[in-house]
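These notes concern the structure reproduced below.
Each value in this text was obtained by applying a stated rule to the coordinates, not by laboratory testing. Every value quoted in this text rests on a predicted model; they were computed, and no experiment measured them. Methodologically, a virtual Cβ is constructed for each residue, glycine included, from the backbone with ideal geometry; neighbour enumeration extends over all protein chains shown.
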Amino acid sequence: MLEPFAKPFYITQPLLPDIDEFNEMLKVIWASKQLSNNGNMVKQLERNLSDFLNADYLSVFSNGTVALQLACKVLRLSGEVITTPFTFAATAHSLVWNNIKPVFCDIEEDSYNINPDLIEPLITENTTAIMPVHVFGNPCKVEIIQQIADKYGLKVLYDAAHAFGVKVDGKPISDFGDISMFSFHATKIYHTIEGGALTFKDPHFKERADSLRNFGIRSLENVMEPGTNGKLNEIQAAVGILLLKQVEEEIKARQEITNLYRQILNDIPGITTSKDMDAISHNYSYFVIKVNKDEYGHSRDELFDKLMEYNIIARKYFYPLCSNFPCYMNLPSSSKLTLPIANKVADMVLSLPLHGRMQKNDVEKICAIIKAIHED
Ligand code: T4K
């Protein structure tokens, strides 16, 4: 038997800024005495991120979930919104927190994204938007989704939590839809410890989002609407400013690890790895395999448990499906009959450890263990 890892090998490890550079930033914040409420660090971060993502307008928030909730308000969504069940809980929850009913649409087997061919039959007179997710950073079929939205007068709000830095045909991913949300949680390829951003093409959307993240306050004596507290603070913004200088290197390192994983795992029966998509600049934010029990000899769940014995802490992103959560399972669109692909895929997927500090021999060892479990 191969030796387990001496310490838990987690799905990810956060990128960290150089501690000395961070200290210098802290000295600037200490001197300014401005710790929150749209200070200089937040303003600088918004400028740097707009440049990096090539976004017309951008606002940062305390986390991606609040950003999504506020994006629904900015777009004045109501009634029903068509989304995917194969995502993190925050996607559907952000709709329900706005009293909007999520309508789940099945997914494509290869990209894990919403299947645009299945959207139109779900549109009713109550539908106000489509909320697709670029799952694992794989871009959705953005052109087709926009055509459907235009035909029915719907908004498109992208949950781009995983898609930081992704490009489609050289265009930034935020070019598509009305608003895109990026998560800057510590587990993401780029982060501000906790945090998130919205990108907009319409300056009025940014103005409203900025007010909504600050209690709906427009000016000292003018509170326009019931906003919330969704502000990012200065210390986290400083982390974001520094990490932006490291993210391209991180993507490159992850690409190399991904290619090595693919090269070795593709020879193991019953393990399918993801492929790069045509004309897409990927960010390699997750490394996901599909496990076919009949060919591999063990189910995804068995592989997950066995990897644990070797101290490899994989993740079943995204199992269970949102449509199978007790809070959503009784929705008409949650039926397993209308979501066959999502239900099948959710039982097969496993995200393996991936981050830029992983060594070649870490990947080789994880793959050797997956092979040994198959041959056992
Ligand atoms: N939409 C989508 C599609 C999303 O995936 C997410 C978030 C959102 C919206 C909402 O965005 P945020 O509001 O979060 O900004 C994680 C994250 O908490 C969550 O941000 C993320 N998606 C989701 C996919 O994954 P967990 O419960 O799997 O994370 P956790 O704490 O178990 O971390 C995984 C591993 O990472 C740990 O085992 C160890 C390592 N780790 C984690 C943290 C936080 C570290 O080494 N250091 C750390 O500081 O949810």
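Which net charge results for the neighbourhood of ASP106, defined as the other residues with beta-carbon distances under 15 angstrom from its beta-carbon, given Lys and Arg at +1 and Asp and Glu at -1? Could you put the intermediate results ahead of the total?
Values: positive: LYS141, LYS336, LYS344; negative: GLU108, GLU109, ASP110, ASP117, GLU120, ASP347.
Net local charge, ASP106 excluded: -3.
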May I ask which residue of VAL135, VAL103, ALA6 lies farthest towards the positive end of the charge dipole of the chain, with charges of +1 (Lys, Arg) and -1 (Asp, Glu) on Cβ and the Cα centre as origin?
VAL103
What dipole magnitude, in Debye to the nearest 20, does the stretch 1-153 give about its Cα centre under +1 on Lys/Arg Cβ and -1 on Asp/Glu Cβ?
760
Relative packing of 194-200, 272-278, which averages over residues the other C-beta atoms within 10 Å, highest first
194-200, 272-278
Got the relative contact order for the stretch 109-240 handy, in percent, Cα pairs under 8 Å and 6 or more residues apart?
15
Under the Karplus relation 6.51 cos²θ - 1.76 cosθ + 1.60, θ = phi - 60°, what is the ordered set of whole-Hz ³J(HN,Hα) values for the stretch 211-228, x standing for Gly and Pro?
6, 5, 6, 10, 6, x, 7, 9, 7, 3, 10, 9, 9, 7, 7, x, x, 9
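Quick one: which of LYS167/LYS293; LYS206/LYS316; LYS151/LYS290; LYS188/LYS293; LYS73/LYS275; LYS206/LYS275 span more than 32 angstrom between C-alpha atoms?
Details: LYS167/LYS293 34 Å; LYS206/LYS316 35 Å; LYS151/LYS290 35 Å; LYS188/LYS293 30 Å; LYS73/LYS275 36 Å; LYS206/LYS275 36 Å.
Too far apart for the 32 Å limit: LYS167/LYS293; LYS206/LYS316; LYS151/LYS290; LYS73/LYS275; LYS206/LYS275.
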Phi angles of the stretch 303-313, converted by Karplus (6.51 cos²θ - 1.76 cosθ + 1.60, θ = phi - 60°) into ³J(HN,Hα) in whole Hz with x for Gly and Pro, give 4, 4, 5, 5, 4, 4, 5, 9, 6, 9, 9
What size of dipole, in debye to the nearest 20, comes out for the stretch 247-375 about its Cα centre when the only charges are +1 on Lys and Arg C-beta atoms and -1 on Asp and Glu C-beta atoms?
240
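Any chance you could list the semi-axes, whole Å, largest first, of the equivalent ellipsoid that the Cα gyration tensor gives for the stretch 183-307, using √(5λ)? Kindly include the intermediate steps, with their values, before the conclusion.
Details: eigenvalues 350, 61, 41 Å².
Here the semi-axes work out to 42, 17, 14 Å.
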Quick one: compute the contact order of the chain, relative version, from alpha carbon pairs under 8 angstrom and 6+ residues apart, as a percent.
23
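Just to be sure I understand: of the beta bridges DSSP finds with both ends in the stretch 19-243, what percent are antiparallel, rounded to 5? Mind showing how you got there, number by number?
Numbers: 16 of 30 bridges.
Given both bridge residues lie in the stretch 19-243, the antiparallel proportion sits at roughly 55 percent.
Could you work out the relative contact order of the stretch 247-375, using alpha carbon pairs under 8 angstrom and six or more residues apart, expressed as a whole percent?
Values: 158 pairs, mean separation 43.9, N = 129.
Relative contact order of the stretch 247-375: 34 percent.
As an exercise, identify the trypsin sites (Lys or Arg not before Pro) in the stretch 287-338 lying in DSSP coil whose Cβ has no more than 15 other Cβ atoms within 10 Å.
Numbers: sites: LYS290, LYS293, ARG300, LYS306, ARG315, LYS316, LYS336; in loops: LYS316, LYS336.
Here the sparse-neighbourhood loop sites are LYS316, LYS336.
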In nm, give the distance between the simple-model label positions of ASP278 and SER219, each being 7 Å from the Cα along the Cα-to-Cβ direction.
5.4
Interchain or long-range residues, amide H under 5 Å from ASN113's placed H
GLU108
J(HN,Hα) series, the stretch 158-169, from Karplus relation 6.51 cos²θ - 1.76 cosθ + 1.60, nearest Hz, glycine and proline x:
8, 7, 9, 3, 9, 10, 4, x, 6, 10, 10, 6
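Taking N as the number of residues in the chain, what is its alpha-carbon radius of gyration divided by 2.2 N^0.38 Å? Each step should come with its number before you reach the end.
Working: Rg = 21.1 Å, N = 376, 2.2 N^0.38 = 20.9 Å.
Here the answer is 1.01, to two decimals.
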Around LEU26, with a cut-off of 13 angstrom between Cβ atoms, what is the net charge of the other residues, counting Lys and Arg +1 and Asp and Glu -1?
-3
Amide hydrogen neighbours beyond the local backbone of VAL103, cut-off 5 Å, H modeled:
VAL81, ILE82, THR83
For ASN214, enumerate residues with amide H under 5 Å from its amide H, sequence gap 5+ or separate chain, H modeled in the peptide plane.
THR228, GLY230
Stretch ASP301-LYS43 to full length: gain in nm at 0.36 nm per residue minus the Cα-Cα span?
88.4 nm
In debye, nearest 20, what is the charge dipole magnitude of the chain about its Cα centre with +1 on Lys and Arg Cβ and -1 on Asp and Glu Cβ, if you could check?
760
